[in-house]
Amino acid sequence: MTSADTTAVHAGRDDLRALGLVVPPIDLSSTYPLPDIDRGGESYENLTHGGQLVPGESPVYLRLWNPTVARFEAGLAAMEHADGAVAFASGMAAITAVLQSAVAAGTPHIVAVRPLYGGTDSLLSAGFLGTKVTWAEPGAIAEAIQPDTGLVYIETPANPTMDLTDIEAVVAAAGDVPVAVDSTFATPVLQNPIDHGATLVIHSATKYIGGHSDVVAGVVAAQGDWLARLRTMRVLTGAVLHPEAAFLLHRGLQTLPVRVRAAQECARQVAQWLAGRDEVTQVFYPEAAGRDPLGLLGRQMRGPGAMVSFALAGGYAQAAKVAGGVKIIQHAVSLGGTESLIQHPAAVTHRPVPPEARPAASVLRFSVGLEDPADLIADLQQALEG
Ligand SMILES: *Cc1c(COP(=O)(O)O)cnc(C)c1O
């Protein structure tokens, strides 16, 4: 196997040289010629049951298969060391398909560890996909499992506290139950949950994988028969990714390692500076003091990443002042783009989360971008002091 940086540049592009191309073509056909009724019908049958396109056969219809999307999936799967990957119209569509697949298999009970992305938390709490959730601490997963448990669901690093969960320990506690990891904050550059025994790795590709705040997408890297189950769910529910978005994501993969490492270097400096400020009572960053009690940096994560949350002594009022006072950093939700973004989880992204599980009102979440760290620090300083 080539190194991760080389895989990022080349995966999903193996056939291009023979096609006389350097850059993948974008296939925008919504429908495809059928060679004859029998072969068209067979391809339809294969694809609607979650099969992969047989070379030389017709993709039939864009909702069943798209070659540009399949290229991105091959690239992401290689980076995640997964058997394959299935892309969706958004991160929430990917999470929905995972949950619906558990329900469809007759195992609707989900054991989940908080904190989770606000949308995931409210989707599980609402239960309207037919799931039943038990919230468990990482140490109490084994006891929470029931005969109809279909998944153990975790997010690491978690949003917005950057809490790290030991994937191998969760997999051991889960026994035969598959473990799904939302690895959006880590990206395949910093963590490969499948190497630690996870069955499903979920990314909001809207974030680092796209990397330029111009695509909404989700992807699940998966093992074994989960791939066919997820593709079947995608065909039936229609939460497909548009090929132009897939092209941008596949392009994003090429620079993902470079972008993540550069943003991480910047975040390290910002986190250190924040830790030295009197106005800041706590820095939530895997490398900050006391934030990695299980020693997962190095063992599970290759680096702390570029997401930094911090609590302000002045509480909500000071958080509001900083969010409103930054000039280079933008006050906006989302993360993982080239530009730095700051937002207030309790008031915005984690608003749907019940009060007992909601982040503190003093906390801001900072997605550190690719600007010069000195400029970001100066911006934070003027917002804190201004
Ligand atoms: C943004 C996000 C999601 C949801 O993804 P969308 O692409 O917005 O639907 C899920 N999990 C995490 C950790 C996220 O940051």
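Counting the residues of the range 43-98 that are among the basic types (K, R) and over 29 Å from Y153 (Cα atoms) gives 0. Being assigned to a loop (DSSP other than H, G, I, E, B), out of contact with any Cys (no Cβ under 9 Å at 6 or more places or on another chain) and without any contact (Cβ under 8 Å) to a residue 12 or more places away in the chain is a property that does not hold for G305.
Identify the residue in the range 74-127 that is of a type in the set (D, E, K, R) and surrounded by 22 or more Cβ atoms within 10 Å (Cβ to Cβ) and, among all such residues, is farthest from the ligand (Cβ to nearest atom). Talk me through it step by step, then tell me what you get.
Kept after step one, since they are of a type in the set (D, E, K, R), are these residues of the range 74-127: 80, 83, 114, 121.
With surrounded by 22 or more Cβ atoms within 10 Å (Cβ to Cβ) added as a condition, the list becomes 80, 121.
Details: E80: 15, D121: 10 Å.
In this case the residue turns out to be E80.
Of all residues in the range 136-166, those being among the hydrophobic types (A, V, I, L, M, F, W, C) and more than 22 Å from M92 (Cβ to Cβ) number 7. Any residue in the range 51-72 that is outside any loop (DSSP other than H, G, I, E, B), among the β-branched types (V, I, T) and free of Cβ contacts under 8 Å to residues at least 24 places away in the same chain? No: zero hits.
No lab work stands behind these numbers, since they all come straight from the coordinates. All figures in this text were calculated on a predicted structure; none of them were measured in a lab. Reconstructed Cβ throughout: ideal geometry from the backbone, glycine too, with neighbour counts over all protein chains shown.
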